[in-house]
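The values are calculated or read from the model by the stated rules, or taken from the named source; none is laboratory data. Remember, it's a predicted structure, so these values are computed and weren't measured experimentally. We place every Cβ from the backbone using ideal geometry, glycine too, and count neighbours over all the protein chains shown.
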Amino acid sequence: MRLKLQDLTRQFGKKTAVDAVSVDIPSGQMVGVIGRSGAGKSTLLRMINRLADPTAGSIHFGDVEVSGLRGSALRHWRRDCAMIFQQFNLVPRLDVMTNVLLGRLDHRSTLSSLLNLFTREERLMAIAALERLGIEQTALQAAGTLSGGQQQRVAIARALMQRPKMLLADEPIASLDPLNAKIVMDSLRDINRNEGITVLTNLHTLDTARSYCERIIGMSQGRVVFDGTPDELTSDAIHSIYGVEHASQFDETMTSTAISTSGATEMSADPHPAGNLSLAPA
Ligand SMILES: Nc1ncnc2c1ncn2[C@@H]1O[C@H](COP(=O)(O)OP(=O)(O)O)[C@@H](O)[C@H]1O
Ligand SMILES: [Mg+2]
């Protein structure tokens with residue numbers, strides 16, 4: 001199913017954070033959204049997930065008009081488009097397993113949730129998700145004691161428990177060191193490729209967007225000023241995204257997390273080759 005944004009706009013007082021954005025994202029794409037701080041990237045993602053409501057315009061997923069959803073339909077939508085944040089948003093004192101199981105909350109009755117009655121299938125599903133991300137050995141640790149990279153992988157495992165159709169990630173690697181950034185981006189790419197889940201991720205680094213995303217959307221002052229493949233991202237396009245006034249001093253390495261594609265690859269040789277997620281219950 002396609003995600004279709006049409007003239008999507010959000011104002012905060014007089015400030016137009018997102019300005020008439022129209023994009024059409026087919027199912028299964030891996031899309032990076034880039035732009036300066038304040039360009040409107042987070043607001044765009046938050047509107048898709050309905051954490052923020054549009055001032056104008058529409059969001060369609062297939063035939064469903066997302067901006068009109070209420071109640072249980074809205075909860076279903078939020079389940080379908082799982083969101084990952086820069087700061088992970090785990091419950092630090094709870095163990096990793098419980099944090100991951102919390103991704104099932106919206107699939108179950110309030111009573112069984114309150115009683116903490118996760119089923120055997122759900123527990124197996126959580127273990128499979130942790131294995132998939134290579135962090136099953138952390139299952140019983142308090143989430144807050146893990147490294148940032150591990151915490152972000154827990155957050156991705158939790159998102160997978162929602163069986164989402166789409167993953168929205170708001171600068172998922174902005175707090176991570178280069179090696180962990182690579183592991184997290186590799187995980188998102190694996191999920192995109194193997195499960196066919198659409199990934200829409202805001203990225204503050206150009207080189208990450210270039211190496212991981214088949215499509216890059218560049219935003220400036222709330223507008224889409226570039227929409228194309230990494231190959232089409234010429235220096236002119238980069239200047240239109242990051243601002244012509246800095247054209248002369250613009251240096252692509254300034255937006256770099258310096259993810260090394262040589263050394264880091266060897267270090268993180270994937271001990272968990274991406275198989276199909278055998279997360280049984282739907
Ligand atoms: N809740 C809010 N209230 C007022 N202004 C906001 C709010 N959220 C975002 N903005 C403004 O909207 C613009 C876009 O912000 P944001 O979407 O966070 O950009 P980005 O994620 O690209 O840094 C900024 O000027 C920001 O200050
Ligand atoms: Mg942001």
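Take residue 192 and tell me if it is in contact with a Leu (Cβ under 9 Å, 6 or more places away or on another chain), farther than 22 Å from residue 98 by Cα and in a helix (DSSP H, G or I).
Spelling it out, residue 192 is indeed in contact with a Leu (Cβ under 9 Å, 6 or more places away or on another chain), farther than 22 Å from residue 98 by Cα and in a helix (DSSP H, G or I).
Exactly one residue out of 27, 58, 72 is farther than 23 Å from residue 171 by Cβ, of a type in the set (Ser, Thr, Tyr) and without any contact (Cβ under 8 Å) to a residue 40 or more places away in the chain, and it is 72. In the set (1) part of a strand (DSSP E or B); (2) surrounded by fewer than 21 Cβ atoms within 10 Å (Cβ to Cβ), residue 201 fails one condition alone, (2).
What residue, among those in the stretch 175-215 that are within 19 Å of residue 81 (Cα to Cα), within 16 Å of ligand 1 (Cβ to nearest atom) and among the aliphatic types (A, V, I, L, M), is farthest from the chain's Cα centre (by Cα)? Per the criteria, the residue is 203. Contact annotation: residue pairs with Cβ atoms under 9 Å, 6 or more positions apart or on different chains, pairing a residue in the stretch 37-50 that is under 13 Å from residue 83 (Cβ atoms) with a partner that is among the hydroxyl-bearing types (Ser, Thr, Tyr) and more than 8 Å from ligand 2 (Cβ to nearest atom), are 45/201; 47/67; 50/67. Flag: residue 96 does not match the condition of being in contact with a Lys or Arg (Cβ under 6 Å, 6 or more places away or on another chain) and modelled with pLDDT of 95 or more.
At pLDDT 95 or above, in contact with a helix residue (DSSP H, G or I) (Cβ under 8 Å, 6 or more places away or on another chain) and away from ligand 2 (no atom under 16 Å from the Cβ): which single residue out of 143, 209, 128, 169 fits that description?
Details: 209 fails: away from ligand 2 (no atom under 16 Å from the Cβ); 128 fails: in contact with a helix residue (DSSP H, G or I) (Cβ under 8 Å, 6 or more places away or on another chain); 169 fails: away from ligand 2 (no atom under 16 Å from the Cβ).
Result of the check over 143, 209, 128, 169: 143.
In the stretch 21-28 there is at least one residue that is part of a strand (DSSP E or B) and either within 16 Å of ligand 2 (Cβ to nearest atom) or more than 19 Å from the chain's Cα centre (by Cα) (or both). Residue 13 meets all of the listed conditions (1) closer than 12 Å to residue 219 by Cβ; (2) without any contact (Cβ under 8 Å) to a residue 12 or more places away in the chain but one, namely (1). For the stretch 32-82, the candidate set comprises residues that are within 12 Å of ligand 1 (Cβ to nearest atom) and assigned to a strand (DSSP E or B); within that set, the residue that is nearest to residue 22 (Cα to Cα) is 33.
Would you say residue 180 is surrounded by fewer than 23 Cβ atoms within 10 Å (Cβ to Cβ) and among the polar types (S, T, N, Q)? So residue 180 passes the test. If you filter the stretch 154-177 down to residues that are of a type in the set (Asp, Glu) and out of contact with any Ser or Thr (no Cβ under 6 Å at 6 or more places or on another chain), you find that the one that is surrounded by the fewest Cβ atoms within 10 Å (Cβ to Cβ) is 177. Might you check whether a residue that is within 16 Å of ligand 1 (Cβ to nearest atom), touching a residue at least 12 places away in the same chain (Cβ under 8 Å) and of a type in the set (D, E, K, R) occurs anywhere in the stretch 87-102? Scanning the stretch 87-102, I find no residue that is within 16 Å of ligand 1 (Cβ to nearest atom), touching a residue at least 12 places away in the same chain (Cβ under 8 Å) and of a type in the set (D, E, K, R), so the answer is no.
Of the numbered criteria (1) within 19 Å of residue 101 (Cα to Cα); (2) within 16 Å of ligand 1 (Cβ to nearest atom), the one residue 164 fails is (2). Within the stretch 220-231, the presence of at least one residue that is in contact (Cβ under 8 Å) with a residue 24 or more places away in the chain, of a type in the set (D, E, K, R) and not in a helix (DSSP H, G or I) is confirmed.
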